[in-house]
Every structure is written in C-alpha cells, then in structure tokens.
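Enquirer: Once you've had a glance at the structure underneath, I'll fire off some questions.
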Amino acid sequence: MKLVTFLVSGNSRIGAVVEKEQIIDLNYAFQAQLKREGKARFKEIAEAHIPAKMELFLQGGEDSLKYAKSVVQFALENPSSFDYPLVYQKRDVKVDAPLRNPGKIVCVGHNYREHILEMGRELPSHPVIFAKFANTIIGPEDDIPFYPISEQLDYEAEFAFVIGKRAKNISEEDALHYVAGYTIANDVTYRDIQRRTLQWLQGKTVDGSAPMGPWLVTSDELTDPSGLEIVLSVNGEERQRSNTANLVFTVQKLVAFLSNLMTLEPGDIVLTGTPGGVGVAMNPPVFLKEGDVVRIEVDKIGVLENRVRISMQNLKVKSYIDSIQTSLDNILLTVKDLSVDEIRWKPSENEWSILQILSHIGEATLFWLGELDQVLEKPGSEWGRGLDDPARLAAVENPEQLDVQQVIEKVQQLKGAVREKLSGVSDDRLSEQNPHRNFAKFGNKSVSFLIEHFLVDHINGHLEQINRNLSKLNKNF
C-alpha cells in the first residue's frame with residue numbers, strides 16, 4: 001500500500017495512492033463506510049482507527065493498516081457517497097512529505113561502501129549516526145530552499161524507513177516487524193558549514209534540507225529492503241547510483257543497533273545513508289545552484305524530485321507570492337468542474353464570460369510581471385499602459401476563438417511565472433518609486449504598489465468576478 005499525506009483546501013489528510021493517479025481520503029472513506037453501515041458515532045470511530053494525520057495513523061499499527069485497506073474499494077465504488085470527496089485526482093491536490101512531525105529523524109553516515117571509499121575513510125565498526133529535525137522536512141512538490149549562508153549546497157540520495165511500533169532492544173531477526181514502510185529522502189547538506197566543526201549537525205539541519213516522499217510504501221508490500229537500486233540525477237545527469245545491497249549496516253542491523261540505544265516510536269524516520277557521487281567529492285567539487293532539478297529514484301518506491309530555489313529573505317514578497325498562488329489555486333478549483341458551455345456563458349452582452357475573465361487574467365498577469373521586470377532592471381523607469389492596449393483587448397475579444405483548455409493551462413502556468421519573477425525582489429527594492437506612463441493621477445508609485453494593485457488585488461478581483469458569474473449562472477440554470 002502507498003500511504004500519502006496530501007493537502008486539499010489547506011488541510012492535511014492521509015490517503016492511499018491507487019491506480020490512475022488517484023488518491024483515496026482514507027479517513028473520510030472510513031467515515032462514509034461506517035455511516036452507510038448505520039454506525040451512529042461514525043466520525044469518532046473513524047478518527048480512532050484511521051486518523052486524518054499520518055503520525056497518529058502509524059500509532060495504530062497493523063490494526064489501522066487493516067482498516068485502511070478495507071475502505072479503498074468502498075471509496076472507489078462510492079466516490080460521491082459522503083459530504084466530502086473520497087477520491088481525488090493526484091493533480092488536484094498537493095502531495096506533501098509522508099510525515100511532517102516525526103519524533104526523531106536519525107541519519108546514518110558512511111553506510112555505502114563506495115561512498116566511504118571516495119571520502120577516504122575506512123569501513124566503520126559501528127554505525128555513524130547524527131540527527132535532523134522536523135524543520136528540515138519538505139515535500140515532493142516543494143522547492144529546496146537555498147539560503148545565502150553558503151555556496152556549497154550538496155545532495156545526498158537516501159533510502160529511508162519509518163518505524164511502525166515501539167521498539168526497544170529488538171533483534172535483527174525481528175527488526176522488519178517494527179518497520180511501517182519505506183520512502184525516499186534527500187539529505188541536503190551545506191558542506192562548508194557541516195565541516196567547520198567536528199560535529200556535522202549545523203550543516204544538516206537548515207530549514208528545508210530534507211525533501212521526503214513521494215509516499216510511504218508499507219512493509220507488507222515491500223517485504224525485502226535489500227537489493228533496491230537507488231539513483232540520483234541533477235538536471236538529467238546521473239550523479240549517484242548504488243543498491244541497498246551495498247549498505248554496510250542493513251535496515252535490520254540499524255533497527256537492532258538504534259533500539260539498543262533509544263526507544264524507537266511509531267513515526268520515527270531513519271535515513272540509511274548515501275551512495276558515492278556527492279558533489280563535494282567530484283574533482284573539482286560541483287555544488288547545487290538556483291534552478292537545478294534533483295531527482296532520486298528507488299526501485300519499488302518511486303521518484304522524489306525537487307527544484308533548488310534561492311530562498312527569499314523578504315517575508316513581504318513571500319506573502320505576495322502566497323496570496324497570488326492561493327488565488328490562482330482557488331480560481332482553478334472553482335472552474336475545474338464546469339462544462340465548456342458554462343465557462344463560455346455570458347451573464348449579459350456587456351459582461352465577460354468566465355472564459356474571458358480567465359484569458360484576461362493570463363494576459364494581464366504576464367504583462368504586469370513584464371512591467372515589474374522593467375522597473376527592477378531600470379529603477380525610475382515608466383510603467384503602465386493605456387486602456388486600449390491591443391494585447392489586453394485581444395484577450396477578451398472574439399471569445400469564440402479562445403480555446404478553453406489552452407486558457408486554463410495558461411492560468412496554471414502563472415503560478416511558476418509569479419514565483420520566478422517575484423522571488424528576485426529584495427526588501428530594498430519594494431520602496432523604489434516609478435512614474436506611470438499614461439496616468440498622472442498615479443504619480444510616482446513604489447514597486448510594492450505595482451505588485452499589490454496590479455497583481456494581488458487584480459487577480460483577487462477577478463476571482464470575485466468569477467464567483468459572481470457562477471451565482472448568476474446557478475440562478476439561470
């Protein structure tokens with residue numbers, strides 16, 4: 001079973017990934033099944049056996065897993081039988097890291113033979129362990145933040161396992177019975193910070209330095225963690241390749257060793273080490289940079305892929321990006337189930353259809369991002385345009401010539417464009433003043449005014465316009 005944590009409407013839920021890129025909401029599916037069976041306290045019973053949070057679910061052990069398996073088919077056969085959706089398309093939700101708040105993240109160093117040799121060390125007699133913390137975890141759809149504290153950002157492909165029940169003084173023979181499942185992690189490391197003291201911790205615990213996912217493959221599905229190929233590439237170039245058969249300390253040995261030192265609890269995560277091929281060991285060393293795409297693939301688990309993005313220190317700009325992307329998500333969610341006729345419907349001759357609104361959002365947002373580029377490149381330069389701008393008018397005239405799918409895809413692509421353009425704006429640039437080329441009444445306005453008025457407020461205003469259209473549409477049909 002592939003267990004996943006996903007985000008929908010701002011809520012974190014536990015799900016199961018099934019065929020055709022679908023995700024079952026396990027908690028709601030169980031509630032729906034119990035309600036169908038006439039159970040009066042269906043919500044409380046479901047929350048006890050299949051909680052909505054992965055951390056709590058794992059505490060239920062084999063019993064929770066058994067209930068989870070039993071509701072998948074019910075959800076597939078009755079997707080609309082409850083107050084909330086039971087089945088989602090993967091593209092319609094955000095897949096998060098399987099766990100966000102583990103009690104422990106134990107990392108193992110020097111555990112692949114070839115990596116030990118490339119680092120010029122001898123095989124260890126005991127596992128080398130260190131820690132990461134929950135602040136480091138990001139999901140498979142998140143960017144790896146690159147903070148300006150170092151220029152030596154490095155990757156480390158890791159095969160990881162998650163503890164499924166309390167373990168203390170466990171033998172190697174029994175070890176796998178205490179493993180809930182397996183996932184992929186990237187032990188992102190700031191090398192110079194890691195090496196400035198004997199302890200590695202400070203270079204390993206920077207925020208966002210543990211991408212993890214895409215899901216948790218349960219141990220009843222993946223019964224043997226040995227013999228799995230693990231491959232990491234950067235921008236398509238292979239950098240690391242090995243096999244879990246090359247681990248010096250196997251999963252069984254690590255469970256036995258660690259449980260002899262500490263009590264392992266459900267939800268604890270263990271990263272088993274990285275193969276040879278890390279950037280710092282190359283000649284000359286090669287480190288990650290802005291825009292790099294790091295892809296890790298492990299047999300029988302899947303793929304974890306993240307892009308490196310320079311982290312923004314400007315919280316105001318981040319709030320702009322978050323606001324715009326939330327509005328775009330809400331727009332896409334609002335229109336995703338509408339028919340072509342509904343999207344093309346006009347409330348009146350003088351009002352835009354939803355399709356025209358979407359087309360205008362796409363064109364206008366790209367225009368204002370271009371204006372933002374201009375004033376950032378040449379401070380004090382003019383910005384703005386007239387109301388008869390041909391590109392603006394072309395976006396809404398002749399709506400019968402607009403392709404619905406292309407217009408929606410353009411709006412979807414705006415999320416990446418907004419993040420890319422705005423992430424380069426720093427604190428001191430927001431207050432720069434620039435004159436409007438057409439309207440004296442605007443006078444000189446700051447970069448922050450341009451972003452707030454023509455991006456944030458503009459998109460929010462059109463979201464309200466779409467909702468008004470829907471309200472009128474519902475009254476007419």
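FYI, it's all coordinate maths here, none of it is from the lab. These numbers come from a predicted model, not from an experiment. FYI the Cβ positions are ideal-geometry reconstructions off the backbone, even for glycines, and counts take in every protein chain you see.
Enquirer: Excluding THR197 itself, calculate the net charge of residues whose Cβ lies under 15 Å from the Cβ of THR197, where each Lys or Arg counts +1 and each Asp or Glu counts -1.
Expert: +3
Enquirer: Could you tell me the largest-minus-smallest coordinate of the C-alpha atoms of segment 89-225 on each of the three principal axes, in descending order and whole angstroms?
Expert: On the principal axes, segment 89-225 reaches 46, 41, 26 Å in Cα extent.
Enquirer: If you take the square roots of the eigenvalues of the alpha-carbon gyration tensor of segment 315-476 and sort them as a ≥ b ≥ c, do you get rounded (a/c under 1.5), prolate (a/b over b/c) or oblate?
Expert: Prolate.
Enquirer: Find out how many positive minus negative residues lie around PRO124, taking Lys and Arg as positive, Asp and Glu as negative, among other residues whose Cβ is under 13 Å from that of PRO124.
Expert: +2
Enquirer: Further question on the same structure: Any idea what the dipole of the chain comes to, in debye rounded to 20, about its Cα centre with Lys/Arg Cβ at +1 and Asp/Glu Cβ at -1?
Expert: 900
Enquirer: Which lysines, on any chain, are close to LYS472 with Cα under 17 Å apart, when same-chain ones fewer than 8 places away are left out?
Expert: Leaving aside lysines fewer than 8 places away in the same chain, those within reach of LYS472 are LYS346.
Enquirer: Here's a follow-up. How would you rank 147-160, 88-101, highest first, on the average number of other Cβ atoms within 10 Å across their residues?
Expert: So the order, starting with the most tightly packed, is 147-160, 88-101.
Enquirer: Ratio to report: Rg/Rh of the chain, with Cα atoms as the point set and Rh obtained by the Kirkwood method; give two decimals.
Expert: That ratio equals 1.03.
Enquirer: If the limit is 30 Å between Cα atoms, which of LYS69/LYS90; LYS43/LYS318; LYS53/LYS300; LYS35/LYS66; LYS300/LYS336; LYS165/LYS300 go over it?
Expert: Too far apart for the 30 Å limit: LYS43/LYS318; LYS300/LYS336.
Enquirer: Ok, one more. Given 37 °C and 0.692 mPa s, compute D for segment 155-235 with the Stokes-Einstein relation, Rh being the Kirkwood radius over Cα pairs; round to the nearest whole µm²/s.
Expert: 223
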